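**Student:** What follows is a single structure, and I will ask about it in a moment.
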């Protein structure tokens, strides 16, 4: 046991926390510095947790699970509803760390907006020879059907989820961009509500920035995206249906925005206008926040046998009568090969260098880099350029020679389809495992909302945690959990949204405010009746 | 001397039971370039529908329309007047190293890719490579077209919308669509960027002015050998007055003249007629 | 309001009421079986199953426990558990139009089912019935205090009222074979939660015709058929935004309900027991027809459209 851990760790909860023999011991631990002990950001949290008995923790964990199940906060996995596991220990981000992260995300979203507008328009970046044309045309999610569709306020990325990780030095790096329909924001909001119920005392000791007003920002961005002429834009949320894994989120967002949650069959197109069928007749729809993949959105343009979408939707958007959010074809922007060109993209459109670096990445479609990847396959992580959820990823160090050989064949057969990265030892945060707190690897997905004037980044985000010891795969479909993510408010700032602003009026106490009481039997009566 | 042609193309579907909703896209309007000039065009549907026009990614004019009243037949009539000219062989005859230069490969990547209709095939590739020997890219286009012309037997009604170049080659017969796809497969196999062209063919070379002849919906290819130029492998002839082009793309899938979705009973195509009249 | 959501709300109303009423009917029947050793458990159970529309299993002798398993615990259609699950599923697909409190009430009820079943198997079925009745009451209270009185509310109350008519009719059906002086009539009143009110209204005199009269025709008691019919009728009236009719009712559902209501309203109490079975059957048919008419009028939710691909060959 290291001297630091024996000195710092509480008698039970943190026992053996910084065991040097743990896997990926080089990872950055967000609570403990191996030399200086507890980091400032986590000081109060650590001090509050340390005196707790394991039994306390278990009681709270049970209360937490019950609260989640009763609220129906679940995700579907292979058709089964499961509670999304929420860990007890929050993840803390200081105000200054956050402001760096926020600036980096805003920069990225702005550059990617410009990139998508260009790609589905003039393709100037290709004409200028900055990016190879083949990079775009070979992209699986480059949808030629979307060419020439210009959203009225220019926004294509209404919502972005930028996945970031902290490397061994504690620096934030972007792992991937999600520009299609990033999910998970409902868990950010619900995790917070649930944590506040179970750990009210922790919140009292921290100034945590609020995440509850996400839907307000989203609705504002969606209304701002409406076609000109829609004075009171009618926004709907389009879901594939109740069996979709993120249905809970779709319904939560619709409820919080106070808009209709619809399925494809509730909508129809006539002469390039989209209508909603209601018990009172047809109602025109101006903005569709869709959570259906491009390929299923419109059977006229994509899969003809899709029953989830709305026939004629793409041309209605082309005609400018409805806005689809996020826009069709955004997948070009989050392709992992395009990701490797992000520095060029940033420089071309904004003239800036990245505020948030990428993770070093090898491109298998460049022969020189491919050779290196194939050579070092056993030490690299190889990922498909397209796809999410952790599917298809091969961890070189964990793979058998047979798996590596198979992977080598796959890369040779489709070099465009693969990228490779060195294993990033994601940072760790204390996580309840059994009766103790143990370091577990986490990532972070902050959510950004673009309303055309500014990009709002929700202070917080979805921290996903890999529960199995040593695991670096945090996806919920791979047995991961989540943590409430606390962005601390600046000490001097008024950004403490939960308490900010002046009240509507002052309350004076006076006699008249005492609630009235009904008649009571007096004592004498009671005694006589006995 | 230029020709002026009027094209009246009638197509559509007949449905087994009444269809209450259908959404359609027609790609039937000829385009303009240095060989061809579109003067007028009009598209009508029965039942009548309000059309919406846009230009797609490939530069093709699309007429989109949807129907919401029950109907058992959909008829689309596309009429246009175009001026056409001959297309001489391009003066530029690029070398193989020009064609294979990284810039060309990148710029025309989409026209070098394999698709469902134009799949990669080892044997076809070998034939194409043997034809290429000792020839410039331009000569290769001509010799490949000739080979396709000689290899396939023109047989109306032999192929459905969904048969590929390889299917047609193995069957030894096909229609103009198959001739075009087979040519594309072979040109792409030797690295010549090549694209599918859909359009119309006037069937009478010596037609008198004012005479209406039965034309054809037609397909041919264009190849890039320093410049884009077309050739008609079905008839083994260069592109000239009698060819009216409508759309280009990677294969048939990008240019299909009329496609759509509907809810209701099975659809069969109604008899397609193309009337072409030489006006000048 | 989306037709789909309207339909869900209507069915939430129906399923919650069905779970509640089934629990009530079963509760008293089970207790009667336990208290009165002279009753043949198998015959009584089969009669109850028939009334509830559950197919009785062949061959096995039914007793209190098997009856409870079948009607309450099994996931088969018609059981309490299946009603709870259906209510929850309908709430889940219409979550954006019901309040979070209501959703949590139903969801936690559904989540607690396995645990309550275990408890009931240990200490007796009454435990389970009380749980269902309590939750249903909580649901009604939350709906009352958290839902706007809009169309959504009307569909919910309509569903509840229609189901209530159906269940009271079934409850009476289960007893039509009893003698007018049978103690079974007390259980009927208890099932409906009407015992105390009945005693106060009729000053303790208990006989079959008054019990039937009370449950079918009382104007004030909320679980009487008359009251439920009137309630359903007024919901439909408020939902119907068409121009008001000069003659009769605009819509089939309103006409059916109005007719059933007025049949009861102007019936001589003395004629009530003549052909009681026939009368109950007519009511049951009415309920079914009302359900169909409402669904035709309001729930024309569009089915998924199956698109066909059409392409013209050259």
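**Student:** Out of the residues in segment B:268-280 that are surrounded by fewer than 23 Cβ atoms within 10 Å (Cβ to Cβ) and part of a strand (DSSP E or B), which is farthest from the other protein chains (Cβ to nearest Cβ)?
**Tutor:** Restricting to residues being surrounded by fewer than 23 Cβ atoms within 10 Å (Cβ to Cβ) and part of a strand (DSSP E or B), the top hit is B:278.
**Student:** Another question about this same structure. Would you check which residues across segment C:89-133 are in a loop (DSSP other than H, G, I, E, B) and within 20 Å of residue C:13 (Cβ to Cβ) and list them?
**Tutor:** First pass over segment C:89-133, keeping only residues in a loop (DSSP other than H, G, I, E, B): C:94, C:98-99, C:124-125.
Hits for segment C:89-133 are C:94, C:98, C:99.
**Student:** Something else now. I'd like to check something: does segment B:243-265 contain any residue that is surrounded by fewer than 19 Cβ atoms within 10 Å (Cβ to Cβ), within 14 Å of chain C (Cβ to nearest Cβ), more than 16 Å from the chain's Cα centre (by Cα) and modelled with pLDDT under 90?
**Tutor:** The answer is yes; a qualifying residue exists.
**Student:** How do the strands (runs of 3 or more DSSP E) wholly within segment A:396-463 filter down when requiring 1 or more residues that are in the same structural domain as residue A:30 (by TED's automatic domain parsing) and more than 22 Å from residue A:358 (Cα to Cα): which remain?
**Tutor:** Where strands (runs of 3 or more DSSP E) fall fully within segment A:396-463 and carry at least 1 residues being in the same structural domain as residue A:30 (by TED's automatic domain parsing) and more than 22 Å from residue A:358 (Cα to Cα), they are A:428-433, A:436-445.
**Student:** Taking segment A:305-354 as the region of interest, how many residues are in a loop (DSSP other than H, G, I, E, B), over 25 Å from the mean Cα position of the chain (by Cα) and closer than 24 Å to residue B:23 by Cα?
**Tutor:** 10
**Student:** Looking at this structure, is residue A:241 in the same structural domain as residue A:159 (by TED's automatic domain parsing), part of a loop (DSSP other than H, G, I, E, B) and on the phi > 0 side of the Ramachandran plot?
**Tutor:** Yes; evaluated as a whole, the condition is true for this residue.
**Student:** Tell me the residue from B:81, B:77 that is touching a strand residue (DSSP E or B) at 6+ places or on another chain (Cβ under 9 Å), assigned to a strand (DSSP E or B) and farther than 30 Å from residue B:268 by Cβ, please.
**Tutor:** B:81
**Student:** Among the residues of segment C:281-306 satisfying the criterion of being within 14 Å of chain A (Cβ to nearest Cβ) and at pLDDT 75 or above, which is surrounded by the most Cβ atoms within 10 Å (Cβ to Cβ)?
**Tutor:** Among them, the one singled out is C:294.
**Student:** Restricting to segment C:189-215, what's the tally of residues that are free of Cβ contacts under 8 Å to residues at least 60 places away in the same chain and under 17 Å from residue C:277 (Cα atoms)? Please lay out each step first, then the result.
**Tutor:** Start the filter on segment C:189-215 by keeping residues that are free of Cβ contacts under 8 Å to residues at least 60 places away in the same chain, which leaves C:189, C:194-207, C:210-211, C:213-215.
Keeping just the survivors that are under 17 Å from residue C:277 (Cα atoms) gives C:210-211, C:213-215.
Residues in segment C:189-215 being free of Cβ contacts under 8 Å to residues at least 60 places away in the same chain and under 17 Å from residue C:277 (Cα atoms): 5 in total.
**Student:** Further question: Here are the criteria: (1) over 20 Å from residue B:246 (Cβ atoms); (2) surrounded by fewer than 21 Cβ atoms within 10 Å (Cβ to Cβ); (3) away from chain C (no Cβ under 14 Å). Tell me which single one residue B:213 does not satisfy.
**Tutor:** (1) is the only condition that residue B:213 fails.
**Student:** Out of C:72, C:87, report the one residue that is within 14 Å of chain A (Cβ to nearest Cβ) and under 18 Å from residue C:129 (Cβ atoms).
**Tutor:** C:87
**Student:** If residue B:223 satisfies all but one of (1) in a loop (DSSP other than H, G, I, E, B); (2) buried (at least 21 other Cβ atoms within 10 Å of the Cβ), what's the number of the condition it fails?
**Tutor:** Condition not satisfied by residue B:223: (1).
**Student:** Same structure, new question: Of all residues in segment B:29-65 being within 13 Å of residue A:315 (Cα to Cα), in contact with a helix residue (DSSP H, G or I) (Cβ under 7 Å, 6 or more places away or on another chain) and touching a residue at least 12 places away in the same chain (Cβ under 8 Å), which is surrounded by the most Cβ atoms within 10 Å (Cβ to Cβ)?
**Tutor:** Among those residues, the one meeting the criterion is B:64.
**Student:** A follow-up question, please. Could you tell me which of the residues B:248, B:183 is in contact (Cβ under 8 Å) with a residue 60 or more places away in the chain and either touching a strand residue (DSSP E or B) at 6+ places or on another chain (Cβ under 6 Å) or not in a loop (DSSP other than H, G, I, E, B) (or both)?
**Tutor:** B:248
**Student:** Output yes when any residue across segment C:143-159 is within 30 Å of residue C:32 (Cβ to Cβ) and either surrounded by fewer than 20 Cβ atoms within 10 Å (Cβ to Cβ) or at pLDDT 90 or above (or both), and no when none is.
**Tutor:** The initial filter retains those residues of segment C:143-159 that are within 30 Å of residue C:32 (Cβ to Cβ), namely C:159.
Adding the requirement that they be either surrounded by fewer than 20 Cβ atoms within 10 Å (Cβ to Cβ) or at pLDDT 90 or above (or both) leaves C:159.
Yes: segment C:143-159 contains one or more residues that are within 30 Å of residue C:32 (Cβ to Cβ) and either surrounded by fewer than 20 Cβ atoms within 10 Å (Cβ to Cβ) or at pLDDT 90 or above (or both).
**Student:** Return the residues of segment A:248-265 that are at pLDDT below 90 and at the interface with chain C (Cβ under 8 Å from one of its Cβ atoms); say none if nothing qualifies.
**Tutor:** Answer for segment A:248-265, where residues must be at pLDDT below 90 and at the interface with chain C (Cβ under 8 Å from one of its Cβ atoms): just A:265.
**Student:** Right, next: Conditions: (1) touching a helix residue (DSSP H, G or I) at 6+ places or on another chain (Cβ under 9 Å); (2) within 18 Å of residue A:165 (Cβ to Cβ). Residue A:336 meets all but one. Number of the miss?
**Tutor:** Evaluating residue A:336 over (1) touching a helix residue (DSSP H, G or I) at 6+ places or on another chain (Cβ under 9 Å); (2) within 18 Å of residue A:165 (Cβ to Cβ) leaves (1) as the failure.
**Student:** Taking residue A:221 as meeting all but one of (1) out of contact with any helix residue (DSSP H, G or I) (no Cβ under 6 Å at 6 or more places or on another chain); (2) in a helix (DSSP H, G or I); (3) within 13 Å of chain C (Cβ to nearest Cβ), write down the number of the exception.
**Tutor:** (3)
**Student:** Looking at B:11, B:72 in this structure, which one is touching a strand residue (DSSP E or B) at 6+ places or on another chain (Cβ under 6 Å), at pLDDT below 95, more than 11 Å from every other protein chain (Cβ to nearest Cβ) and not in a loop (DSSP other than H, G, I, E, B)? Full working, then the answer.
**Tutor:** Details: B:11 fails: more than 11 Å from every other protein chain (Cβ to nearest Cβ).
Residue meeting the stated conditions: B:72.
**Student:** Here's a follow-up. Would you mind stating whether residue B:26 is touching a residue at least 24 places away in the same chain (Cβ under 8 Å), exposed (fewer than 14 other Cβ atoms within 10 Å of the Cβ), more than 19 Å from residue B:84 (Cα to Cα) and not assigned by TED's automatic domain parsing to the domain that holds residue B:197? Let's see the steps before the verdict.
**Tutor:** Values: touching a residue at least 24 places away in the same chain (Cβ under 8 Å): yes; exposed (fewer than 14 other Cβ atoms within 10 Å of the Cβ): no; more than 19 Å from residue B:84 (Cα to Cα): yes; not assigned by TED's automatic domain parsing to the domain that holds residue B:197: yes.
Judged against the criteria, residue B:26 is not a match.
**Student:** Do you know which of the residues in segment A:275-287 that are assigned to a strand (DSSP E or B) and away from every other protein chain (no Cβ under 12 Å) is farthest from residue A:309 (Cα to Cα)?
**Tutor:** Only one residue fits best here, namely A:284.
**Student:** When segment A:288-317 is examined, which residues are found to be surrounded by 24 or more Cβ atoms within 10 Å (Cβ to Cβ) and either facing another protein chain (nearest Cβ under 7 Å) or farther than 21 Å from residue A:242 by Cα (or both)?
**Tutor:** A:299, A:300, A:301, A:311, A:312, A:313, A:314, A:315, A:316, A:317
**Student:** Quick check on segment A:318-335: of everything there that is touching a strand residue (DSSP E or B) at 6+ places or on another chain (Cβ under 8 Å) and buried (at least 21 other Cβ atoms within 10 Å of the Cβ), which residue is farthest from residue A:120 (Cα to Cα)?
**Tutor:** A:322
**Student:** Say we look at segment A:143-172 and pick out the residues that are within 10 Å of chain B (Cβ to nearest Cβ) and in contact (Cβ under 8 Å) with a residue 12 or more places away in the chain; which of these is farthest from the chain's Cα centre (by Cα)?
**Tutor:** Top of the filtered list is A:148.
The values are calculated or read from the model by the stated rules, or taken from the named source; none is laboratory data. Just so we're clear, the structure is a prediction, and the values are computed from it rather than from any experiment. Note that we place each Cβ from the backbone using ideal geometry, even for glycine, and neighbour counts take in every protein chain shown.
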